[in-house]
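Scroll down for the structure; my scribbles are underneath it.
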Amino acid sequence: MLERSELAENALAALHDEGYGSAYDTRSLNHQTMIFTGGRPVRSLDGDWNFCVDLLDTGLRQKWFAMQPETPVNRIEPWDYDPYMGETVPVPSNWQILQDKWYFFEGGSWYTRAVDLDPDPDGRLFLRVGAASYDCKVFLNGKFLGNHLGASTPFFVELTDHAQPGRNWLMLFVDNRRQADRVPMQNTDWFNYGGVYREVSLFETPKTVIRDLVLSLAPDSYDRISVRVEVEGADHAHLDIKGLIQIDIPLVDGVGTIEVEASPQLWSPENPHLYDVTLTAGADEVRDRVGFRQIQRRGTDILLNGKPIWLRGIAVHEDDRELGKVTNEADLIRRFDHARDLNCNFMRLAHYPHHERAAQLADERGILIWAEIPVYWAIDFANPATRADAENQLAELIRRDRNRASVVIWSIGNENADTDARLAFMSGLAAQARAMDPTRLIAAACLVNHQTLRIEDRLADHLDIIGINEYYGWYDEDFDDLERIGRNSNPDRPVVISETGADADITAEGPSEGLFSEAYQAEIYRKQTSTLARLGYVKGMSPWILYDFRTERRQGIYQRGWNRKGLIAADKVTRKAAFDILAEFYARHAQGQGHE
Ligand code: GCB
């Protein structure tokens, strides 16, 4: 229909205009539109939404978002889609998991639902989308309100001036196509899930809005807390950290930055103490639960609250046989229980920002966290649009999680070739992370130099921790090279083995010996742990990986669409032999017997 309707404006344009997308690519929903949501009353928009896949972007070309609700018999023209009826899908979800025909679908899709509102004339209204992969364009009542890039960070849209009393129609166009300028780019070793896969919520606020609240121990101090607040529409705010601080904060142009004398009980894995925090400004109020700790590096040591710590970690993806990339509380709790059984004090949330609940649980349970953005493998490092996207994802992650004491490391990339363009791009990200947050360590997962057999990376000068992904005994067959690298290298800062491991297919189709067998994987864990424990500058490890995970690029007979380096199979129940080997190694380490 719409080729000849008023919506498409011009029939030929709708068919032949390849510039149709530019009006909907403003990237205006980014870290600058974020608000602080902790403790706010929330209205969930989860549940069934009307859904349609749109491989050809017909909906953008024909402006489906402008169609009015109408019963089919009353429509006067043929139409290609009706946003208001037909198939529904649950939000949050990934379409790949819902129907076989969508398993490998990469493209655009339309989500539509009614939202009944009674807007308060003295209030404001914000929509939050927890995550939508990768480009999400927001339309309310037929009007485009902006788009967001990035598959794993939340974004906000202020609806105040667009919402109407009564029925409103909210539409999201969500596009997971892999493209050259994206972060990550086309090639990854995890599944390209699409869809709105984290919660969608509405927040009503008064006219005054607390946009940000940042709390931490002041750098190098145990008796001063630094506070930064950002508020629209007030000239002072009041902070209450229960049992510790009650203070008025004057705001200049909406921003207040102070340091207050206070000696909080320190947060640590042994004592994950959290304080209840309330911030009020005008009629607005937010809450949080915040721990205070210091994380620093000194030479090749990592210091937590002034004492050297060894990171007994495990890497995890967000992936589940039944849920895809959707995370729920039960899945997270199982993950943390498994980490506890491994005797971990550390977790690497690979390779993109995980659900915010992960770091909240880590705060409660005393697990240190490595959080990262998907600057993964080949990225178009010379492209300013790619850089802007990476910078925005980093800013959104830091703004979302910087009150989490558990998060001790921001990682700015994974296994990127050491080129000039990459150095400029990633040193810029390191500087950005430090400027936004001077209270954490900066890392990246680097590669060893295979020619010189040394830990060597020009980015290291910009990092606090050199992450090393190494697969000696697996991709690099000569295990003894790991010993050589150990001897040849003399890093001036701590190294964390951010990945090591091997595949093991323990299904009925798996082998009983050799590559891909459980025994082979176990042997690699034995050799890796005994070798790494002897290297004094290695200050932790996060082997690859807790659970087997889906990935399009693994199609070998023992893989069949899965990366099987998990210590636990895809059922998230069956432990492989390597699980106990790592658990025992960490138990010895925790008792101070790890170093031989
Ligand atoms: C790596 C990557 C990770 C892969 C892993 C593997 O180095 O960082 O994303 O999944 O190796 O299994 O090859």
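The values are calculated or read from the model by the stated rules, or taken from the named source; none is laboratory data. Please read these numbers as outputs of a predicted model, since none were measured by experiment. Neighbour counts run over all protein chains shown; Cβ positions are idealised from the backbone, glycine included. SASA here: full protein model, heavy atoms, side chains in, ligands and nucleic acids out. Shrake-Rupley method; radii C 1.70, N 1.55, O 1.52, S 1.80 Å.
Percentage of Cα-Cα pair distances in the range 1-138 greater than 28 Å, rounded to whole percent?
Counting pairs separated by more than 28 Å, the tail of P(r) holds 29 percent.
Tally Lys and Arg at +1 and Asp and Glu at -1 over the other residues with C-beta under 10 Å from the C-beta of ARG177: what net charge comes out?
-2
Quick one: dipole size for the chain, taken about the Cα centre, charges +1 on Lys/Arg Cβ and -1 on Asp/Glu Cβ, in debye to the nearest 20.
1120
Distance between Cα centroids, the range 412-439 to the range 541-569: provide it in whole Å.
Centre-to-centre (Cα) distance: 28 Å.
Using alpha carbons only, what's the Rg to Rh ratio of the chain with Rh from Kirkwood?
Looking at the chain, the ratio lands at 0.98.
Compute the angle between helix 329-341 and the longest alpha-carbon principal axis of the chain, please, reported from 0 to 90 degrees and rounded to the nearest 10.
Here the helix axis deviates by roughly 0 degrees.
Give the residue from GLY556, GLY540, ALA578 lying farthest towards the positive end of the charge dipole for the range 530-596; charges sit on Cβ (+1 for Lys and Arg, -1 for Asp and Glu) and the dipole is referred to the Cα centre.
Farthest along the dipole direction, towards plus: GLY556.
Relative contact order of the chain: what whole-number percent is it, with Cα pairs under 8 angstrom and at least 6 residues apart?
11
Using θ = phi - 60° and the Karplus relation 6.51 cos²θ - 1.76 cosθ + 1.60, list the HN-Hα couplings for the range 129-135 in order, rounded to whole Hz, with x at every Gly or Pro.
10, x, 5, 9, 9, 10, 9
Based on the alpha-carbon gyration tensor of the range 152-302, what equivalent-ellipsoid semi-axes (square roots of 5 times the eigenvalues) come out, in whole Å, largest first?
Taking √(5λ) for each eigenvalue gives 34, 27, 14 Å, largest first.
How much of the accessible area of the range 29-133, probe 1.4 Å, is carbon plus sulfur, in whole percent?
Answer for the range 29-133 is 53 percent, counting heavy atoms of protein chains only.
List the residues whose amide H sits under 5 Å from the amide H of TYR376, counting only those 5 or more places along or on another chain, with H placed 1.01 Å from N in the peptide plane.
HN-HN under 5 Å from TYR376: MET185, ASN414.
Determine the dipole magnitude for the range 537-596: charges of +1 sit on the beta-carbon of Lys and Arg, -1 on that of Asp and Glu, nothing else is charged, the reference point is the Cα centre, and the result goes in debye to the nearest 20.
Roughly 280 debye, rounded to the nearest 20.
Loop-only check: which GluC sites (Glu not before Pro) in the range 486-545 are DSSP coil with at most 13 other Cβ within 10 angstrom?
GLU509, GLU513
Check each of the trypsin sites (Lys or Arg not before Pro) in the range 496-565 and keep only those in coil by DSSP with at most 15 other C-beta atoms within 10 angstrom; list them in order.
In loop regions of the range 496-565 (DSSP not H, G, I, E or B), the sparsely surrounded trypsin sites (Lys or Arg not before Pro) are ARG534, ARG553, ARG560.
For the range 455-471, take each phi angle, set θ = phi - 60°, evaluate the Karplus expression 6.51 cos²θ - 1.76 cosθ + 1.60, and give the result in whole Hz per residue in order, putting x for glycine and proline.
So the Karplus estimates, Gly and Pro as x, are 7, 8, 7, 5, 6, 3, 4, 9, 10, 8, 10, 8, x, 10, 9, 9, 10 Hz.
Rounded to the nearest 20 Debye, what is the dipole magnitude of the range 180-326 about its Cα centre when Lys and Arg each give +1 and Asp and Glu each give -1 at the C-beta?
560
Would you calculate a helix-derived [θ] at 222 nm for the chain, using -39,500 (n - 2.57) for each DSSP H run of n ≥ 4 and dividing by the full residue count, to the nearest 500?
Result for the chain: -5500 deg cm²/dmol, rounded to the nearest 500.
Collect residues whose amide H, placed 1.01 Å from N in the peptide plane, falls under 5 Å from the amide H of ASP212; neighbours closer than 5 in sequence don't count.
Residues meeting the criterion, in which the H sits 1.01 Å from N, are PHE36, GLU230.
From the residues ILE369, ILE295, ILE398, which one has its Cα farthest along the dipole of the range 270-422 in the positive direction, the dipole being from +1 and -1 charges on Cβ of Lys/Arg and Asp/Glu about the Cα centre?
ILE295
Can you check what the net charge comes to around LEU217, using other residues whose Cβ is under 11 Å from the Cβ of LEU217 (Lys, Arg +1; Asp, Glu -1)?
That works out to -1.
Collect residues whose amide H, placed 1.01 Å from N in the peptide plane, falls under 5 Å from the amide H of GLU499; neighbours closer than 5 in sequence don't count.
Result for GLU499 returns ILE468, ASN469, GLU470, SER542.
Quick one: Cα centre-to-centre distance for the range 300-335 and the range 452-523, in angstrom?
Computed from Cα coordinates, the inter-centre distance equals 19 Å.
For the range 294-373, which GluC sites (Glu not before Pro) are in a loop by DSSP, counting at most 10 other Cβ atoms within 10 Å?
Counting only loop positions with at most 10 other Cβ atoms within 10 Å, the GluC sites (Glu not before Pro) in the range 294-373 are GLU322.
Could you please report the charge total around ALA587, scoring K, R as +1 and D, E as -1 over all other residues with beta-carbon less than 14 angstrom from its beta-carbon?
0
Just for the chain, what percent of DSSP beta bridges are antiparallel, to the closest 5?
75
Identify, among LEU55, PHE425, PRO121, the residue whose Cα sits farthest towards the positive end of the charge dipole of the chain, taking +1 on the Cβ of Lys and Arg and -1 on the Cβ of Asp and Glu, with the dipole about the Cα centre.
In the chain, that residue is PHE425.
Quick one: helix 577-590 against the long Cα principal axis of the chain, what's the angle to the nearest 10°, folded into 0 to 90?
70
Less than 29 Å apart at the alpha-carbon level, and either on another chain or at least 8 residues along: which lysines does that give for LYS137?
Answer for LYS137, where 29 Å is the Cα cut-off: LYS63, LYS101, LYS207, LYS325, listed by chain and number.
Please turn the phi angles of the range 209-224 into ³J(HN,Hα) values with the Karplus equation 6.51 cos²θ - 1.76 cosθ + 1.60 (θ = phi - 60°), one per residue in order, whole Hz, x for glycine and proline.
Here the 3J(HN,Hα) series is 10, 7, 8, 7, 8, 10, 10, 6, 5, 5, x, 6, 10, 10, 10, 9 Hz.
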